[in-house]
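Step one of this worksheet: look at the structure below.
The values are calculated or read from the model by the stated rules, or taken from the named source; none is laboratory data. These numbers were taken from a predicted model, which means no experiment stands behind them. Using ideal geometry, Cβ is built from the backbone for each residue, glycine included, and neighbour counts are taken over all protein chains shown. Quick note on the areas: whole protein, heavy atoms, side chains included, nothing else; ligands and nucleic acids left out. Shrake-Rupley method; radii C 1.70, N 1.55, O 1.52, S 1.80 Å.
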Amino acid sequence: NITEVIPISEERVACEALCKEESKLIILDTTREGIVSTINVHGKFFACSSKCQVITVDNDELQMQRSDVVLWKRSQPFHVFVGRKSRTSCKAFSPTGQYCVLSGRPSVFKGYDVALYVVDIVSGKTLHMLCSCDYSFLKNLDCKFVSDQECVTNFCDELRFCLRLFNVECGDLLSEIAMESEVYSLAAFPSKRLIAIGCVDSKLNFKVLRVKLPRE
């Protein structure tokens, strides 16, 4: 029973499957049309990187496994939104798999309900909180990496719709572009520094923007 299909690279997809009440992750190579590996998932599946690093949630703790081996398990200063269909659920891996940006609720209320956090995949340590807002103001939440260090998010607050470019290593906001309406779709092509966006009530189906990074 395949419950979700996740693109993890240009050639591979990960398929979450339920088999006899156990969760498995099947890695498929689309060029060879074959199964590369099958991973037994410990806990609730959350995300998978291009290096087949699997992030799961177990008893409200975040953990990372490679193959069937759990490499680390850490408590975080936030609760992860695991639900796939929830508008608060967001997850994105950097192209090299070093960082993961994910959404969560702070463990102790700090004046906001939802925030984006950067987690170092090697250590499991939370590095930064990128942005936050009240749940009632949250629209379609998404985040895409445009390089190994920078990501774009459509995180909004109140009635202000915008795209924001962050450096995940230091947590700095690099740029912000105001949008004419709510962004409902976001896609990225990191090797070309391109993002495609679709907006509600726009006369265009989508727009394509090229991201210029400070070091370029």
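Below are the figures for this structure:
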quantity	calculated
For the stretch 23-85, alpha-carbon Rg over 2.2 N^0.38 Å	1.19
Virtual spin-label span in nm between Leu194 and Glu11, 7 Å along Cα→Cβ	2.1
With DNA, RNA and ligands ignored, accessible area of Thr38 (1.4 Å probe; Å², nearest 10)	80
Stretch gain in nm, segment Tyr184-Leu127, where the contour uses 0.36 nm per residue and the Cα spacing is subtracted	17.8 nm
Spin-label model distance (nm) - Asp148 vs Ser107, 7 Å beyond Cα toward Cβ	3.1
Solvent-accessible surface ranking, highest first, for Val36, Val13, Val69, Val122 at 1.4 angstrom	Val122, Val69, Val36, Val13
Cα-projected label distance for Lys207 with Leu174, points at 7 Å along beta-carbon direction, nm	1.9
Out-of-range pairs (alpha-carbon distance over 25 Å; input Lys44/Lys125; Lys91/Lys203; Lys44/Lys207; Lys51/Lys91; Lys20/Lys44; Lys110/Lys212)	Lys91/Lys203; Lys44/Lys207; Lys110/Lys212
Probe 1.4 Å, accessible area per residue of the chain, Å²	52
Cα centroid separation - the stretch 157-211 against the stretch 3-39, whole Å	29
